[in-house]
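Reviewing the structure listed below.
The values are calculated or read from the model by the stated rules, or taken from the named source; none is laboratory data. Just so it is clear, the model here is predicted, and its values are computed rather than measured. Don't worry about glycine lacking a Cβ; one is built from the backbone with ideal geometry, like all the others, and counts go over all protein chains shown. Please note that ligands, DNA and RNA were not included when accessible areas were found on the heavy atoms of the full protein model with its side chains. Shrake-Rupley method; radii C 1.70, N 1.55, O 1.52, S 1.80 Å.
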Amino acid sequence: MNFDHDVFVSYAHLDDTAIGEDRKGWVAKLHETLERRLAQLLGKPARIWRDQSLEGNDVFEETLVERVTHAALLVSVVSPRYVRSEWTTRELAEFCKAAEQRGGVQIHHKSCIFKVLKTPVPLEEQSPQLRALLGYEFFRVDDKGNFREFDEQFGPEYRQMFLMKLDDLAQDVKSLLDFVEGQALTGAPAEGGKQDAIFLAATTLDLQDQRDTIRRDLQQHGYTVLPASALSQIGAEVDTAVRDDLARCSMSIHLVGKRYSFTPEGATTSLVEIQNELAIERGKRGGFTRLVWIPPGLQVDDPRQQQVVDRLRMDPRTGEGSDLLEKPLEDLRTVIHDVLERARAPKPATPASRRPSPATPIDVPNVYLLYDQRDAAAVSPWADFLFEQGLEVMHPIFEGDQAEIREYHEENLRTSDGVVIFFGAGNELWLRRKFSELQKIAGYGRTKPAPAVAVCLVPPRTPEKERFRTHEAIVVPQWDGLSPDPWQPLIAGLKG
């Protein structure tokens, strides 16, 4: 079907009232900026229409119905006034009626309605057609619950946030218009090609900007990001929707912040926890990676959320096919693309083992030392001793390109005959993460038996370390410096 308008902007006139000395209202600026950006993306003028002067129910029938029913997409600027307006309610209803007559409100699994949230509006106050939509939030909520719209009158930072969010909207509108245009040219649904899907778990408001960054990055690389609609507030419906989405995905990404997320009706845990548990369930079927990200240095005031964070950090199921990262957001983005590129790369028939350097005899066993960067100097006596016993010793790398560091680390885990973890400056949480990394070595392509593992207890001496026990490794206390005798069984096993 050919349309007279690409986009119809539905809004309440009260929301376009200019504030202060600004001559243009907020909706007018949204319209004009969207029109310019969408034209750049389409490579041709964008046909966006909104009512700027019409008044009266008689005019609505004659003009607005004609306009809204001949628009490909609808942008609803949602606000407290919008959900109370009879006009906007009728615009939404007329658009949905026309869309159903030409095949439905959804095209290529995406809604033709774009929900722009100018200010917060509770879901229960929104029209049923809008509740399931994720929406584009053009405001920020502070820790006290106060919100401020993305408007240049509040300063350059808010102008920048307005432009960033609008670009998200323009990119998604452009993508859907491409499908609509494809249908008009061929008379059949446009094929977008098979896209890999990634589940980007819903998170709390304190991490919404970071989630938007990850979503934007994935979409620009051609990935479909789910969930594509807002999750229900009913627990059973959340479980069904998340399971369905995860079944389509090869990866899930979970951003965990300082706020405790809401608990759906009938559920006993928060939405963040529900999504994580269902991702673990999905991972058991294979062909799936789960990444959990906690901002470095996270400070949590809510005891409920602190328990959530603690459980994630100590979860023994963080093993093969999953990872917990407490690194800068850029490092998370690097890990995401590293995992996705590795999944797309052709798999060799037989994983190639690392070739030793010409100076290293092929039968020399190697041992990989793992330690906190603060212990780099302290471990030297043990490194020298193991080398003198005829072992090739490998050390971790702490500085440089994060992707290369991670690749080097995984290569050592994949090929080493033994691993020695030095429990020194790091705490037990750091130690447990090292064990989690060892549990993933099969996923890194390791083909030979699991390496021998030892934990070396070194200063500072603490009650926590003295109580440490594990069935996963040999524990070697070395409080007073290097003592060679306890290392002989490990050395003999590696050389045997």
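The table below lists the values:
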item: Residue match in segment 181-196 (condition: modelled with pLDDT of 90 or more, more than 19 Å from Leu133 (Cβ to Cβ) and in contact with a helix residue (DSSP H, G or I) (Cβ under 8 Å, 6 or more places away or on another chain)); result: no
item: Checking Arg259 against (1) touching a Pro at 6+ places or on another chain (Cβ under 8 Å); (2) part of a loop (DSSP other than H, G, I, E, B); (3) not β-branched (Val, Ile, Thr), the condition it does not meet; result: (1)
item: Per-region count, segment 380-421, residues open to solvent by 50 Å² or more (accessible area, probe 1.4 Å), under 22 Å from Gln439 (Cβ atoms), assigned to a helix (DSSP H, G or I) and of a type outside the set (Asp, Glu); result: 3
item: Residues satisfying the stated conditions in segment 89-113, i.e. touching a residue at least 60 places away in the same chain (Cβ under 8 Å) and either in contact with a strand residue (DSSP E or B) (Cβ under 8 Å, 6 or more places away or on another chain) or aromatic (Phe, Trp, Tyr) (or both); result: Glu91, Leu92, Phe95, Cys112
item: The one condition in (1) over 22 Å from Asp206 (Cα atoms); (2) not in a helix (DSSP H, G or I) that Ser252 fails to fulfil; result: (1)
item: Qualifying strands (runs of 3 or more DSSP E) (wholly inside segment 102-158; at least 2 residues being at pLDDT 85 or above and over 16 Å from Asp209 (Cβ atoms)); result: 113-117
item: Sole exception among (1) in contact with a Lys or Arg (Cβ under 9 Å, 6 or more places away or on another chain); (2) acidic (Asp, Glu); (3) over 22 Å from Leu231 (Cβ atoms); (4) open to solvent by 80 Å² or more (accessible area, probe 1.4 Å) for Glu125, by number; result: (3)
item: Some residue of segment 276-284 being crowded, with 20+ Cβ neighbours inside 10 Å and assigned to a loop (DSSP other than H, G, I, E, B); result: no
item: Residues of segment 73-89 satisfying the condition of being closer than 23 Å to Asp6 by Cα, open to solvent by 20 Å² or more (accessible area, probe 1.4 Å) and at pLDDT 90 or above; result: Thr89
item: Every residue from segment 438-458 that is touching a strand residue (DSSP E or B) at 6+ places or on another chain (Cβ under 8 Å) and free of Cβ contacts under 8 Å to residues at least 60 places away in the same chain; result: Leu438, Ala452, Val453, Ala454, Val455, Leu457
item: Candidate set: segment 139-156, residues that are open to solvent by less than 50 Å² (accessible area, probe 1.4 Å) and touching a residue at least 60 places away in the same chain (Cβ under 8 Å); chosen: the one nearest to Ala28 (Cα to Cα); result: Asp151
